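Some notes on the structure that comes next.
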Amino acid sequence: MSLPNADNPGKYRWTVVALLFFATSINYLDRQVIGLLKPTLESEFSWSETDYGHIVMAFSAAYALGLLLFGRVIDIIGTKKGYIISIIAWSGAAIAHALATSTAGFGVARAALGLGEAGNFPAAIKTVAEWFPKKERALATGLFNSGANIGAVAAPVMVPWILGVYGWEQAFVITGATGFIWLACWWRFYETPARQPKLSPAEYAYIHSDNESEEPAGGDSGAAISWGQLLRVRQTWAFVFGKLLTDPIWWFFLFWLPSYFATSFQLDLKKPSLPLVIVYSATTIGSIGGGYLSSYLIKRGWSVYRARKLAMLLFAILVVPIMLARYATSIWAAVALISLAAAAHQAWSANIFTTASDMFPKRAVSSIVGIGGMAGSVGGILFPLLVGYLLDSYKAAGNLNGGYNIIFLLCGSAYLLAWGVMHLFAPRMTPVQLEAPALTAARP
């Protein structure tokens, strides 16, 4: 993390990152609970792998719709109000899981959770764009995005303990209630740079040192841009396909890894799970390290697009070894391969999110994140169906690991494919220029 100095004055913006970090931690804690309770809930409600896939799909479908809606709404009403609406919705939905008495009830609760949680990343990425110059955005994104990993690490420790002492219902209630604690802090302490009285004039000037030429004076984001205008430029499609091809892999890591370790290596999910803690701890290193790498290269004089592209290619290559998980004969070999892939995904994520603010003006960032996030969620809708089908089919044939082997092959190839498609649509990541009333872009 950069420290305050003559060229980089002030430090209040890093306090903002801390707020985003804890919001993202809670976001992932809430969505991770069901994966850890899967064996218990399968037994109680007689779920098949396909049933569970449908429940995950309900979350994914609602999350896709929510990303599109929140992306637009947050560009209109701002990050502070947008975050408030989002966390009230998702925390209430997380607690509502405890009331479910059927598979359909869990599907409804998951859909409500997905709809509410969708506001987190459009709000967070827009907040980073408002509070940081481009050379620091990937690092700031990597730092707050590492909260996803902390939430995923905390869940395997907290949830089994709550399950053993209080039952599965209270696991949803206790974890869901943490969001309301964060809400009080956000309400009390957060404002945009133009309205934050604790922000020094020097830091305010530094934050806006690379402001887009069309940005209004005073640091406000200006009028939101329509979806139709955004969909007419190639840079939007670069972000869309990058998210579509890689987001489902991370969701697989969240929703099926506990079950994979339990069925393939007899991991007891009723106890704190060291293998899962190791996997999700590794992703913290990936998230922060991935954000640091491209920010470091930019500060060393690299162009923004070269730094992002090289970093993302490296991380795409680091996911490939997960294909070897099919040959793992011990849980720790599998943990090592999956940890590397999951860490590389989070490093990729820190950079692909930042490409939205690299290529688009601040007033459109939340909408772009919403559109791309919706595409990732569409992949998240389809991929669980494939995963559920493969696992049920191979389980019926007496070879459950065969299904996981195919899934790991898909995981290992997805990122290189995504990098190639992104390069095709935006080879130099040319920034989109806003010229009222139309949105135009320089030819890539």
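The values are calculated or read from the model by the stated rules, or taken from the named source; none is laboratory data. Given the structure is predicted, the values throughout are model-derived calculations rather than measurements. Every residue, glycine as well, gets a Cβ built from its backbone with ideal geometry; the counts of neighbours run over all protein chains shown. Remember, those area values only see protein heavy atoms, side chains included, never the ligands or the DNA or RNA. Shrake-Rupley method; radii C 1.70, N 1.55, O 1.52, S 1.80 Å.
Mind jotting down the distance between the C-alpha centroids of the stretch 118-161 and the stretch 337-386, whole Å?
Their Cα centres are 12 Å away from one another.
Counting only C-alpha contacts under 8 Å and six or more residues apart, can you give the relative contact order of the stretch 1-124 as a whole percent?
Once divided by the residue count of the stretch 1-124, the mean separation gives 33 percent.
For the chain, with only Lys/Arg (+1) and Asp/Glu (-1) charged at the beta-carbon, what is the dipole magnitude about the Cα centre, in debye rounded to 20?
Charge dipole, the chain, about its Cα centre: 820 debye, nearest 20.
Return the lysines within reach of K270: Cα separation strictly under 16 angstrom, same-chain partners fewer than 8 residues apart disregarded; answer none if there are no such residues.
K38
Summarise the long-distance tail of P(r) for the stretch 359-435 by giving the % of C-alpha pairs beyond 22 Å.
Value for the stretch 359-435 (Cα pairs over 22 Å): 46 percent.
Return the calculated 222 nm mean residue ellipticity for the chain, to the nearest 500 deg cm²/dmol, obtained by summing -39500 (n - 2.57) across DSSP H runs with n ≥ 4 and dividing by the residue count.
Rounded to the nearest 500, it is -26500 deg cm²/dmol.
Farthest toward the dipole's positive end in the chain, which of L267, A152, G105, given Cβ charges of +1 (Lys, Arg) and -1 (Asp, Glu) about the Cα centre?
Comparing the listed Cα positions along the dipole, A152 ranks first.
List, in the order given, every pair from K81/K271; K80/K271; K126/K309 whose Cα-Cα distance in the structure shown is over 30 Å.
In this structure, K81/K271; K80/K271 lie more than 30 Å apart at Cα.
If you fit an axis through the alpha-carbon atoms of helix 234-255 and take the longest principal axis of the Cα set of the chain, what angle between them do you get, 0 to 90°, nearest 10?
Result, in degrees: 30.
Obtain the radius of gyration and the Kirkwood radius of the chain from its C-alpha atoms and give Rg over Rh.
Across the chain, the Cα-based Rg/Rh ratio is 0.96.
How much of the accessible area of the stretch 278-324, probe 1.4 Å, is carbon plus sulfur, in whole percent?
Its accessible area is 75 percent carbon and sulfur atoms.
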